[in-house]
Amino acid sequence: MRRREPKLETLVLDGLPDEAVPAYEAALLQVCATVAMFRDEAADTWRLEAVREAGAGEAELSAALALAAAVTGHAARPDGAPVEAEGWLARTAQAFPEMALGRRFLIRPTHVPPRRDWGRHVLTLDAGIAFGSGEHNSTRGCLLALEGLRLRHNARVLDLGAGSGILAMGAAKLRGVRVLATDIEPWSVRVANENAKLNGLRGRVHSILADGWRNQAVRAGGPYDLVFANILARPLCAMARDLADHLAPGGVAILAGLLGVQARMVLAAHRAQGLVLERRLDLEPWCTLVLRRRG
């Protein structure tokens, strides 16, 4: 007998400001396998679309949305509707084209045929994983900051809140280092490891389930020569002491996920721990900070 395919529905969150996107993406990922993101340039907002099995995980989703609203101060509820999966995937692919980033990187979705690109490091990602694909200015800022760094071949590198693993893969390809990538979402850990395999980086990028510096393996892996932390402003401030304690002398931290107006607050928290500002990149409205521990 033919297996019956599950009914699918889209969950749509419209009109989200930049600062609310990470929290609501994480909320949708509690019950959805993938989230696509579409920028409304005229309104300066984001539309998130996710696909799940119809009605699945209602309690988990409600709790996650409530948490996102509390963290961001922006309440939003998704609209749901039946969907033809093929049409949704086609739209997602159209919204995620191949992108050159900086001087050294090329972000290539899996629906674009592979070809040789001299002079650039290709990072191949699934079109359905738009956040953490290089499209968002927080991710772009981190990769641009990475281009300006020099790292020894055996440098210790950590990616906190790795998501799709794009920053870890960028460091592994550009600088030839091994990277420990962490995330608090099991789905993100699985995806990051799959992406590492897809990009020929198995053994050089290893993603684990970990709650930041509370994890023993993360603490034991230091002191780090480079730490990526592309999360949110307040968690960055809360982790400033742990970050400073686990950076090697002369080590660098690339901090992102903060708005330009939050940069002063984040910078003050890290200066209090002895870190110095080396570079600031502003990709409106987001900001990336490059900090160094004195040698």
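For segment 267-282, backbone phi angles converted through the Karplus equation (6.51, -1.76, 1.60; θ = phi - 60°) give residue-by-residue couplings of 5, 4, 4, 8, 5, 5, 9, x, 8, 10, 6, 9, 7, 10, 10, 10 Hz, Gly and Pro being listed as x. Which distance in Å, rounded to a whole number, links the C-alpha centroids of segment 246-295 and segment 206-225? If we compute the Cα centre of each part, the gap is 20 Å.
Local charge for GLY102 was computed over the other residues whose Cβ lies under 10 Å away, with Lys and Arg +1 and Asp and Glu -1, and equals +3. Considering only LEU158, TRP286, THR10, and ranking their Cα positions along the charge dipole of the chain that arises from unit charges at the beta-carbon of Lys, Arg, Asp and Glu, the one farthest toward the positive end is LEU158. Dimensions of the chain along the principal axes, based on C-alpha atoms and rounded to the nearest Å, stand at 65, 45, 40, largest first.
Placing +1 on the Cβ of every Lys and Arg and -1 on the Cβ of every Asp and Glu, with no other charges, gives the chain a dipole of roughly 1640 debye about its Cα centre.
Near ASP159, the amide H atoms lying under 5 Å from its own belong to LEU180, ALA181, THR182, PHE228; only residues 5 or more places off or on other chains count, and H is placed 1.01 Å from N. The Cα-based radius of gyration and maximum Cα-Cα distance (Dmax) for segment 130-293 are 14.1, 41 Å.
In the chain, a dipole from Cβ-located charges (positive for Lys and Arg, negative for Asp and Glu) runs towards its positive end, and of ALA272, HIS136, LEU247 it is LEU247 whose Cα lies farthest in that direction. So which residue, out of LEU13, LEU125, LEU167, gets the largest mean-square fluctuation from a GNM of the chain using Cα contacts under 10 Å as springs? Its mean-square fluctuation being the largest, the pick is LEU13. Under a Gaussian network description of the chain, with springs only between Cα atoms under 10 Å, the residue in GLY73, GLY161, GLY212 that fluctuates furthest is GLY73. Close amide H pairs (under 5 Å, H built 1.01 Å from N) link GLN30 with no residue at least 5 positions away or on another chain.
The charge dipole of segment 182-259, taken about its Cα centre with unit charges on the Cβ of Lys, Arg, Asp and Glu (plus for the first two, minus for the last two), comes to roughly 120 debye.
Every read-out reported here was derived from the displayed coordinates using simple, explicitly stated rules and does not represent laboratory data. None of these values were measured; they are calculated from a predicted model. Cβ atoms come from the backbone with ideal geometry, glycine included; neighbour counts cover every protein chain shown.
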